[in-house]
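As structure tokens, the structure follows; a few thoughts come after it.
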Amino acid sequence: MSDMYREILVKPDMPAGKKFLKGFFPVMTGLCVVVGVILWPFLIGALVFLLVTIFVGPRLDVEYEYLYVNGELDIDAIYSKQKRKRVASYDMEHLEVLAPSKSHALDSYLSRQGAKYEDYTSGHAPECSYILVFNEEKGQKLIAVELDDAIIADIRRIAPRKVNLY
């Protein structure tokens with residue numbers, strides 16, 4: 001049995017609203033400081049915008065890194081290329097279905113009420129994305145990811161009946 005280790009880095013497109021907010025908070029901080037020199041209550045607003053810039057601003061720019069090791073998929077979020085946080089970890093032993101995002105094999109899962117859907121894709125290549133369906137204690141979870149052929153082949157080796165490539 002050979003070991004399988006793959007890393008994939010996915011950079012989602014930043015929506016226009018997030019781009020606007022990323023520039024808006026620092027500009028408002030500076031504006032409140034300038035006005036706060038004359039009217040001191042604006043210094044409180046400057047402090048609030050500064051805190052939002054420091055704590056919320058970096059979370060607007062996110063990348064996802066998939067780490068696949070021997071049947072376990074770990075997904076990390078990298079914020080502003082500085083801070084890494086593990087957002088999910090999945091064992092392929094609990095996989096119910098893996099299929100391309102446009103596959104009809106997923107129709108019954110996508111229409112179910114109460115299933116959680118999490119998107120860890122770039123958003124600009126839907127033909128490259130796959131959806132993994134996992135059964136958890138709280139219900140079903142659907143995970144959208146962009147996997148390469150080597151990972152798909154290894155998952156197919158682990159659970160051949162659960163992988164649909166059409």
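Some notes on this structure:
- Three-way shape call for segment 78-146 based on the alpha-carbon gyration tensor, with the a/c threshold at 1.5: oblate
- Candidate lysines for bridging to LYS102, where Cα separation is under 24 Å - those fewer than 8 sequence places away on the same chain excluded: LYS11, LYS116, LYS141, LYS162
- Cβ-derived FRET efficiency at R0 45 Å, VAL52 paired with ALA105, nearest 0.05: 0.55
- For volume of the Cα convex hull per residue in Å³, the candidate list reads (1) 173; (2) 136; (3) 114; the entry that matches the value derived from this model is (2).
- To the nearest ten degrees, helix 16-36 and the longest principal axis of the Cα atoms of the chain are 20 degrees apart.
- When the square roots of the Cα gyration tensor eigenvalues are ordered a ≥ b ≥ c, the ratio a/c for segment 35-79 is 1.5 or more and a/b exceeds b/c, which makes its shape prolate.
- Within segment 1-88, the proportion of Cα pairs with more than 22 Å between them is 47 percent.
- In sequence order, calculated HN-Hα J values of segment 86-96 (Karplus, 6.51, -1.76, 1.60; Hz; x Gly/Pro): 6, 9, 6, 9, 10, 9, 5, 5, 9, 6, 9
- Summed side-chain charge close to GLU127 - residues other than GLU127 whose Cβ falls under 14 Å, Lys, Arg +1, Asp, Glu -1: -2
- Using just its DSSP H runs of length 4 or more, each adding -39500 (n - 2.57), the chain gives a mean residue ellipticity at 222 nm of -9500 deg cm²/dmol after division by all residues.
- Of ASP107, ASP154, ASP119, the residue with the greatest mean-square motion in the GNM of the chain, using alpha carbon springs below 10 Å, is ASP107.
- Put the Cα centre of segment 103-152 next to the Cα centre of segment 43-100 and the gap is 17 Å.
- For segment 121-161, trypsin sites (Lys or Arg not before Pro) are listed when DSSP marks them as loop and at most 13 other Cβ atoms sit within 10 Å of their Cβ; the list is LYS138.
- Computed from Cα positions, the angle between helix 41-55 and the longest principal axis of the chain comes to roughly 20 degrees.
Since every read-out is calculated from the coordinates, none of them should be taken as a lab result. Bear in mind that the values here come from a model prediction, so they are computed numbers and not experimental data. Reconstructed Cβ throughout: ideal geometry from the backbone, glycine too, with neighbour counts over all protein chains shown.
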